1. Kindly identify the range 297-351 as rounded, prolate or oblate by the Cα gyration tensor criterion: order the square roots of the eigenvalues as a ≥ b ≥ c, call it rounded if a/c is under 1.5, otherwise compare a/b with b/c, prolate if a/b is larger, else oblate.
2. Using a Gaussian network model of the chain with C-alpha springs under 10 Å, which one of MET318, MET332, MET267 is most mobile by mean-square fluctuation?
3. List, in order, the whole-Hz ³J(HN,Hα) value for each residue of the range 57-69 obtained from phi through the Karplus relation with A = 6.51, B = -1.76, C = 1.60 and θ = phi - 60°; use x for Gly and Pro.
4. Please work out how much length the chain gains when fully extended from GLU253 to ILE337, using 0.36 nm per residue of separation minus the C-alpha to C-alpha distance, in nm with one decimal.
5. Nothing charged except the Cβ atoms of Lys and Arg (+1) and of Asp and Glu (-1): what's the magnitude of the dipole of the chain about its Cα centre? Round to the nearest 20 debye.
6. With Rg and the Kirkwood Rh both taken from Cα atoms, where does Rg over Rh land for the chain?
7. Can you work out the accessible area per residue across the range 203-295, with the rest of the protein chains kept in place, probe 1.4 Å, in square angstrom?
8. Let me cross-check LYS320: its accessible surface, 1.4 Å probe, with only protein heavy atoms counted, in Å² to the nearest 10?
Amino acid sequence: MQYDHIVIRYGELTLKGQNRKYFINQLADNMRKALRSFPNIKLNKTRDRMYIVLNGEDPKAIMERCQSIFGIHNMSVALKVANEEEAIKEAALKLLKESEKIQTFKVTTKRSNKDFPIGSQQFNQILGSHLLVNTEGITVDVHQPDLEITIDIRQEATFLTSEKVDGAGGLPVGSSGKSLLLLSGGIDSPVAGYLAMKRGVELEAIHFHSPPYTSERAKEKVLDLAEKLAFYGRPIRIHLVPFTVLQQTIHREIPHGYSMTVMRRMMMRIAEAVAKRRGILSIVTGESLGQVASQTMESMHAINAVTNYPVVRPLVTMDKKEIIAISEQVDMYNISIRPYEDCCTVFVPKQPKTKPRLEKVEQFEVKINVEKELETILPLIETVTIEAKNEQQQELDDLF
Ligand code: ATP
Ligand code: MG
């Protein structure tokens, strides 16, 4: 079947009243970037849906790519014809004949264009009998048809569609502002980033590494994870913080039971400083309540005390099993489990306090000149921008 359009339906976007136009523009912008390897397509935005004009490009490949663009509720391939009875009949018949293994069908007409002279019900019957007369062995089933043909008669034209394919849901990346993701090479934080993006958040990332204790490959792993995240949204600027010297200072100056808490507090302070510089208003982490020593309520309280920024924790109530399921589904798990050391695992004390007390943390921390440490470390941060690979690169990678 020579489909000429894909209809994109927004779902939740329709709730957004006045902001709607802004959301739609953001979605269109994201789609243009994600679909740049299909140079012939055109996007037509309307209030309640978007059309991809295919101009000969492959609808299947485009729908596949669209499934990872947030803000798309569902989509269908479509055939566009003039608002004329004969043209619609002909297209519907073609659609039915070219569908495979169909024994029953149903026609649903939606007539938002009231200038079209035939009512929906009546047009269903006209089309139904036209299809019955011109095919063999196919019957109507209004309850569970093998094929439902939807005839959407609009002002500009009529669109015929059949199957609806689910999109990724959520809100277009960028429509909810920007967050700074604390990105480790683990399983959790990339998933947290993914979920934040799903709610329309554009991400920058910050990663702490400790060369030579952590290897170049550990860093590559994080860049690969950032690249996966970029695939679901926009290019990701990642700030790489050389953390070795500061970690050594903490290791030397702070009682070991509390070094983890102090290290996390320093991470948070550095993250806040970077966010401030970049005009970013919140921080995202992959913390999940009770998972490890640094993620008890007491720990979170002591760590969170250094910042007034909202710290968004998309995984806070999730089980590890649920997190892993998402990680696998979004194709990050195999990267996350590559066995390279993280800066935290290198310096992690044998028995970190699971219930650190804030007054104690503050007492111990007097040994560290926080202002000076920040001044020293901020200029050493290296920033790179990671873009999603395009289709061709991905195929080559999969091949080798
Ligand atoms: P993850 O799987 O995300 O590494 P985790 O279960 O290992 O999480 P922790 O090591 O306690 O948990 O880390 C908690 C959160 O702190 C992480 O989810 C991440 O957001 C942040 N974090 C940890 N290590 C780093 C790092 N090296 N660079 C940046 N952020 C980090
Ligand atoms: Mg970790």
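1. On the way: a/c = 2.22, a/b = 1.31, b/c = 1.70.
The shape class here is oblate.
2. MET318
3. Coupling constants for the range 57-69: 6, 6, x, 5, 5, 5, 4, 4, 5, 5, 5, 10, 9 Hz.
4. Details: separation 84, 0.36 × 84 = 30.24 nm, distance 3.23 nm.
Fully extending the segment from GLU253 to ILE337 adds 27.0 nm.
5. Numbers: 52 positive and 51 negative charges, 271 e Å.
Using only the charged Cβ atoms, the result is roughly 1300 debye.
6. Numbers: Rg = 26.8 Å, Rh = 24.1 Å.
Expressed as Rg/Rh, it is 1.11.
7. Numbers: 3210 Å² over 93 residues.
Per residue, the range 203-295 has an accessible area of 35 Å².
8. The accessible area of LYS320 comes to roughly 80 Å².
The values are calculated or read from the model by the stated rules, or taken from the named source; none is laboratory data. Computed from a predicted structure; not experimentally measured. Methodologically, a virtual Cβ is constructed for each residue, glycine included, from the backbone with ideal geometry; neighbour enumeration extends over all protein chains shown. Each accessible area value is taken on the protein alone, full model and side chains, heavy atoms only, with ligands, DNA and RNA left out. Shrake-Rupley method; radii C 1.70, N 1.55, O 1.52, S 1.80 Å.
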